[in-house]
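Below you'll find the structure, written out as structure tokens, and then a few comments.
The values are calculated or read from the model by the stated rules, or taken from the named source; none is laboratory data. Only a predicted model underlies this, so the values are computations on that prediction, with no experimental measurement involved. A quick note on method: Cβ atoms are made from the backbone with ideal geometry, for glycine too, and the neighbour counts reach across all protein chains shown.
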Amino acid sequence: SVGEACTELKREYDQCFNRWFAEKFLKGESAGDPCGQLFKRYQLCVQKAIKEKDIPIEGLEFMGPSKGKTENSS
């Protein structure tokens, strides 16, 4: 992970996601988001580490809705 402090959060999220994927999703149970809160904590940790390390991220798009942008569908 980008920051050492985020490594444990990444491990927890990966375990949660892999368990959900294998035990629920692959068996047709796709409702709910059991790992969403873990992902948000991990994402915030990574964003903080990027700022602290002054890593240039201009031009990169992150997962999730784009702020200030609208999508046109035709």
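Looking at GLU4, GLU52, GLU71 in this structure, which one is exposed (fewer than 14 other Cβ atoms within 10 Å of the Cβ) and modelled with pLDDT under 80?
GLU71
Pairs, please: C-beta under 6 Å, at least 6 apart or cross-chain, first residue assigned to a helix (DSSP H, G or I) and in region 28-43, second not polar (S, T, N, Q)?
Pairs that qualify, where the first residue is assigned to a helix (DSSP H, G or I) and the partner is not polar (S, T, N, Q), are LEU38/GLU12; LEU38/TYR13; LEU38/CYS16; PHE39/TYR13; ARG41/LEU9; TYR42/LEU9; TYR42/LYS10; TYR42/TYR13.
Tell me which residues, restricted to region 16-40, are surrounded by 14 or more Cβ atoms within 10 Å (Cβ to Cβ) and either in contact with a strand residue (DSSP E or B) (Cβ under 9 Å, 6 or more places away or on another chain) or of a type outside the set (A, V, I, L, M, F, W, C) (or both).
LYS24
Criterion first (surrounded by 13 or more Cβ atoms within 10 Å (Cβ to Cβ), farther than 20 Å from ILE55 by Cα and not hydrophobic (A, V, I, L, M, F, W, C)) does LYS10 satisfy it?
Considered against the rule, which asks whether it is surrounded by 13 or more Cβ atoms within 10 Å (Cβ to Cβ), farther than 20 Å from ILE55 by Cα and not hydrophobic (A, V, I, L, M, F, W, C), LYS10 comes out as no.
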